[in-house]
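Colleague: Here you go, one structure.
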Amino acid sequence: MAKISKEIQEFIPGKLGWVATADKGGLPNLAPKGTLKVLDDETLVFADLFSLKTRACLEANPQVAVAVVDKMTGYQFKGKVELLTSGPIFEEVSGGVKKAMPDLPGIKYAVKINVDSIYSLSPGPDAGKKIA
């Protein structure tokens with residue numbers, strides 16, 4: 001597992017995460033996730049409300065890449081997911097979504113990402129470099 005530094009943990013809140021998945025045959029899917037957050041120093045999580053293709057891909061292939069970029073700074077996280085439909089993490093994510101967006105329906109599941117590696121997406125000589 002890769003360690004998400006404090007600097008990166010502080011970078012993520014409020015940013016849109018772009019989640020890349022692929023189905024069993026390798027067909028890619030990309031979806032924006034506005035609920036991405038750091039769960040701990042090795043784990044990210046997001047709520048899924050409407051993403052039928054994302055769920056189908058993750059059920060067939062649990063590998064994921066997530067990009068978070070703001071202006072000239074960005075990071076890519078790669079890892080394996082767990083789909084959660086109950087339990088403390090699901091309840092925490094569900095409660096956060098309900099509080100932030102009360103008019104939306106409840107979440108269907110939470111996606112827990114066990115981060116295996118982190119790469120720089122910032123321009124310059126370290127672009128694409130593995131940083132964790």
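The values are calculated or read from the model by the stated rules, or taken from the named source; none is laboratory data. Here the structure is a predicted model, which is why all the values come from computation and not from measurement. Note that we place each Cβ from the backbone using ideal geometry, even for glycine, and neighbour counts take in every protein chain shown.
Colleague: Report yes if Ala31 is surrounded by fewer than 19 Cβ atoms within 10 Å (Cβ to Cβ), touching a Ser or Thr at 6+ places or on another chain (Cβ under 7 Å) and in a strand (DSSP E or B), otherwise no.
Modeller: yes
Colleague: Can you report the number of residues in segment 41-61 which are in a helix (DSSP H, G or I), surrounded by fewer than 16 Cβ atoms within 10 Å (Cβ to Cβ) and at pLDDT 90 or above? Break it down into steps so the answer makes sense when it comes.
Modeller: So the first thing to find is which residues in segment 41-61 are in a helix (DSSP H, G or I), and the list is 52-60.
Still in the list and also surrounded by fewer than 16 Cβ atoms within 10 Å (Cβ to Cβ): 52-53, 56, 59-60.
Still in the list and also at pLDDT 90 or above: 53, 56, 59-60.
Residues in segment 41-61 being in a helix (DSSP H, G or I), surrounded by fewer than 16 Cβ atoms within 10 Å (Cβ to Cβ) and at pLDDT 90 or above: 4 in total.
Colleague: Mind telling me which of the residues Lys108, Lys99, Lys80 ends up being among the basic types (Lys, Arg) and touching a Phe, Trp or Tyr at 6+ places or on another chain (Cβ under 9 Å)?
Modeller: Sole residue among the options that is among the basic types (Lys, Arg) and touching a Phe, Trp or Tyr at 6+ places or on another chain (Cβ under 9 Å): Lys108.
Colleague: Being closer than 15 Å to Val64 by Cα, of a type outside the set (A, V, I, L, M) and within 13 Å of the chain's Cα centre (by Cα) is the filter here; which residues of segment 7-36 pass it? Steps first, answer last, please.
Modeller: Residues of segment 7-36 that are closer than 15 Å to Val64 by Cα, as a first pass: 17-33, 36.
In the following step, the residues that additionally are of a type outside the set (A, V, I, L, M) were identified as 17-18, 21, 23-26, 28-29, 32-33.
The answer is Gly17, Trp18, Thr21, Pro32, Lys33.
Colleague: Output the number of residues of segment 75-93 satisfying the condition of being assigned to a strand (DSSP E or B) and surrounded by fewer than 18 Cβ atoms within 10 Å (Cβ to Cβ).
Modeller: 4
Colleague: Go through segment 80-99 and count every residue that is of a type in the set (Gly, Ala, Ser) and touching a residue at least 60 places away in the same chain (Cβ under 8 Å). Working first, answer last.
Modeller: Step one: filter segment 80-99 for residues of a type in the set (Gly, Ala, Ser), giving 86-87, 94-96.
If we keep only those that are touching a residue at least 60 places away in the same chain (Cβ under 8 Å) too, we end up with 96.
Final tally of qualifying residues: 1.
Colleague: Taking only pairs six or more apart or across chains, which ones have beta-carbon atoms under 7 Å, a first residue in segment 30-48 that is free of Cβ contacts under 8 Å to residues at least 24 places away in the same chain and over 19 Å from Ile4 (Cα atoms), and a second residue that is among the polar types (S, T, N, Q) and not in a strand (DSSP E or B)?
Modeller: Correct list of pairs: Ala31/Ser51; Ala31/Thr54.
Colleague: May I pose another question? May I ask you to list pairs of residues, at least six apart or on different chains, whose Cβ atoms are under 6 Å apart, with the first in segment 4-16 being touching a residue at least 12 places away in the same chain (Cβ under 8 Å) and the second being charged (D, E, K, R) and part of a loop (DSSP other than H, G, I, E, B)?
Modeller: Final answer for the pair search is Ile4/Asp41.
Colleague: Under the condition of being over 18 Å from the mean Cα position of the chain (by Cα) and more than 21 Å from Val66 (Cβ to Cβ), which residue from segment 94-103 is surrounded by the fewest Cβ atoms within 10 Å (Cβ to Cβ)?
Modeller: Of everything passing the filter in segment 94-103, Asp103 is surrounded by the fewest Cβ atoms within 10 Å (Cβ to Cβ).
Colleague: Report whether or not Gly74 is in contact with a Leu (Cβ under 7 Å, 6 or more places away or on another chain) and of a type in the set (Gly, Ala, Ser).
Modeller: yes
Colleague: Being touching a strand residue (DSSP E or B) at 6+ places or on another chain (Cβ under 6 Å), free of Cβ contacts under 8 Å to residues at least 60 places away in the same chain and part of a loop (DSSP other than H, G, I, E, B) is the filter here; which residues of segment 100-126 pass it?
Modeller: Leu121, Ser122, Asp126, listed by residue number.
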